1. Shape verdict for segment 1-144, please, from the Cα gyration tensor: rounded (a/c under 1.5), prolate (a/b greater than b/c) or oblate.
2. Bin by bin, in steps of 10 Å, what percent of the Cα pairs in segment 54-138 do you find, going until the bin that has the longest distance?
3. Where does segment 71-118 land on the Kirkwood hydrodynamic radius, alpha-carbon pairs, in angstrom?
4. Taking Cα centroids, how far is segment 41-88 from segment 99-140 in Å?
5. With a 10 Å radius around each residue's Cβ, average the other Cβ atoms per peptide and rank 107-114, 64-71, highest first.
6. Under a 1.4 angstrom probe, counting protein chains only, how are Asp106, Asp117 ranked by accessible area, largest first?
7. As a test of the definition: which semi-axes, in Å, follow for segment 12-75 when you take the square root of five times each eigenvalue of its alpha carbon gyration tensor? Largest first, please.
8. Determine the sum of side-chain charges near Leu93: Lys and Arg each +1, Asp and Glu each -1, restricted to other residues whose C-beta is under 10 angstrom from that of Leu93.
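The values are calculated or read from the model by the stated rules, or taken from the named source; none is laboratory data. Here the structure is a predicted model, which is why all the values come from computation and not from measurement. Every residue, glycine among them, receives a Cβ derived from its backbone with ideal geometry; neighbour counts consider all protein chains shown. These area figures cover heavy atoms from the full protein model, side chains too; ligands, DNA and RNA do not enter into them. Shrake-Rupley method; radii C 1.70, N 1.55, O 1.52, S 1.80 Å.
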Amino acid sequence: MPLVATGSALVVLRTRSFERQVGSCALGPTQPLCSESAIVAHARYGAAGAGLIGAGLGLVVAGVTAAIPVPRRVWLVEAIVGGATLTLGAVWLAAESAAYPRGLEDDYAARVGPWFDRRAVAASLLGAGLGLALGAGVGLLPSTRAARRAAWAPTWSPLGVGLLARF
């Protein structure tokens, strides 16, 4: 939950600052608060906050799965879904970074707002995929180790010590 709280704070604070600066640009590109570098910085921090929220939620899902005894295939499905979501978010975030509407022209305020929102959604998908894949990967580790330990175990028999193999 600390990830979700930190991410929420970043998103709220940076969204407010972003909107204030974009509103200034709507009045004209010569306004003192209208700075393209500051707007991009707010978008980066806002996306980082959205990614933290997504990562926190992905880890919560993995934690709920860990609290319930589930078969190994559930962890595998979570790892695959997390990896796919991570990949989708990374590709989308890269595409949105490349599609940044450069230049402080008259329609800049109308173009940069939706770009900011899409970038935040892409970052939250990336974070959720990372949290889910990481949580599922950790969930798979103990079951893998336990399966390996249970496969070969020393045993006592009337004839002496032996090795019991389970397949």
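1. prolate
2. So the P(r) values, bin by bin, are 20, 37, 22, 14, 6, 1.
3. Mean inverse Cα-Cα distance, inverted, gives 13.0 Å.
4. Distance between centres, Cα-based: 15 Å.
5. With the highest mean Cβ count within 10 Å placed first, the list reads 107-114, 64-71.
6. Descending order: Asp106, Asp117.
7. Semi-axis lengths for segment 12-75 are 42, 9, 7 Å.
8. Computed value for this residue: +1.
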